[in-house]
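K.L.:
Please read through the structure below; I'll follow up with questions.
Every number in this text was worked out from the coordinates using simple rules, so none of it is lab data. Because the structure is a prediction, the values reported are computed rather than measured. Glycine gets a Cβ as well: all are built from the backbone with ideal geometry, and neighbour counts include every protein chain shown.
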Ligand SMILES: Nc1ncnc2c1ncn2[C@@H]1O[C@H](COP(=O)(O)OP(=O)(O)OP(=O)(O)O)[C@@H](O)[C@H]1O
Ligand SMILES: [Mg+2]
């Protein structure tokens, strides 16, 4: 167990590639922190610096307050699980899991106990005699996890460990990893580019883009209060809709080709000079074809035409044309509407976001 801390960490690869910069982050003891962001944003680089597989160009990394920046990987007591979990094909599951402990000359009884315990936690106790080729992808991934667990690391590092599995198995293994964190109470850092995986797994998420951490918070904090447009767009599915516009008049109104309404007071009137370019952000679930009753004044109606309705059973996703703007709305399964229907779309003004038109920073949170 360990608390991991990054102080002003930066990684510049040869060729002047800045893969990570200004990394200041704490992963609390026993916490499961997910590092999430698009491909190439620097997630693996940050993880590999914790492991000691990559040297930080500047800044320091601490485990429980102790500076480990210059320590080699084997002196950090970490375990890493990758996407490509190479198991030894000629060894059975037990030996695959026991291999690292045998190398370190742990006593036989202790090895048996640790492997047995890990196999029980992962539900693979009945597979210990099997060779990897006789296992499913999910079972193999469990063995790879088991091999990491038996070492009793202070920090677990996962780099997209589920990306080789099919969709159903990913969902199942995601729950397993969450349970694992609750059961063995070890600090975990988990890298993924999949925001759903990140939201469902993490105690907290750190959203990265272009080498920087943009925001750190619980899944609900990121969903409810994205600090910038990138985070707003990245978290949530279907993604947040954005409408470009500007502030006009006093008291300030949001004006765009699609809609116009007074800027709700929570965004702070002073930060809204007339003419400032701002972007409205509204999530598909905050748009209604029929406004919930008894909330007069909270909804702004917009004239719209339905383009496509996708019926998913538990919900319907509508792709809607609002004055030339493509908007996605998520509705209850009972919602009515088909291609070409003229409708009114109701925007929940208590749930809208605004972002600065140039910096992308969220308004009202500066
Ligand atoms: N050894 C290296 N030498 C030079 N550049 C590198 C090296 N490793 C990674 N990079 C670059 O650093 C940036 C971050 O890479 P990194 O592997 O950390 O991204 P990532 O977020 O893990 O992406 P992915 O989701 O695709 O795995 C990328 O631009 C990548 O091309
Ligand atoms: Mg990576």
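K.L.:
Between residue 350 and residue 200, what is the FRET efficiency for a Förster distance of 22 Å, r being their Cβ-Cβ separation, to the nearest 0.05?
P.N.:
0.25
K.L.:
Now, a different point. For helix 167-184, what angle does its Cα long axis make with the longest principal axis of the chain, in degrees from 0 to 90 and rounded to 10?
P.N.:
Between the helix axis and the principal axis of the chain, the angle is about 70 degrees.
K.L.:
Which length gain, in nm to one decimal place, applies between residue 212 and residue 244 when the Cα-Cα distance is subtracted from 0.36 nm times their residue separation?
P.N.:
Using 0.36 nm per residue and subtracting the Cα-Cα distance, I get 9.0 nm.
K.L.:
Rank by packing, highest mean first: peptides 51-58, 130-137, with packing defined as the count of other Cβ atoms within 10 Å averaged across residues.
P.N.:
Descending mean neighbour count gives 51-58, 130-137.
K.L.:
Which residues does the label zone of residue 129 cover in the range 72-110, counting backbone N under 13 Å from a point 7 Å along Cα→Cβ?
P.N.:
Label zone hits: 92-94.
K.L.:
At what distance in nm do the modelled label points of residue 70 and residue 53 sit from each other, each positioned 7 Å from its Cα along Cα→Cβ?
P.N.:
2.4
K.L.:
Here is a follow-up. Rank these for me by crowding, 173, 188, going from fewest to most other beta carbons within 10 Å.
P.N.:
Sorted ascending by nearby Cβ count, the order is 173, 188.
K.L.:
Just to confirm my numbers, what's the Cα centroid distance between the range 223-255 and the range 8-32 in Å?
P.N.:
Centre-to-centre (Cα) distance: 28 Å.
K.L.:
By count of other Cβ within 10 Å, fewest leading, how are 234, 63 ordered?
P.N.:
63, 234
K.L.:
For the chain, what does the helix formula give at 222 nm: sum of -39500 (n - 2.57) over DSSP H segments with n ≥ 4, over the residue count, nearest 500 deg cm²/dmol?
P.N.:
Rounded to the nearest 500, it is -7000 deg cm²/dmol.
K.L.:
Quick one: 318, 82, fewest Cβ neighbours within 10 Å first, how do they rank?
P.N.:
82, 318
K.L.:
What fraction of the DSSP beta bridges in the chain is antiparallel, stated in percent and rounded to the nearest 5?
P.N.:
75
K.L.:
Indicate the gyration tensor shape class of the range 60-195 (rounded, prolate or oblate), computed on the Cα atoms with a ≥ b ≥ c the square roots of the eigenvalues: a/c under 1.5 is rounded; otherwise a/b larger than b/c is prolate and the rest oblate.
P.N.:
Here the range 60-195 falls in the oblate category.
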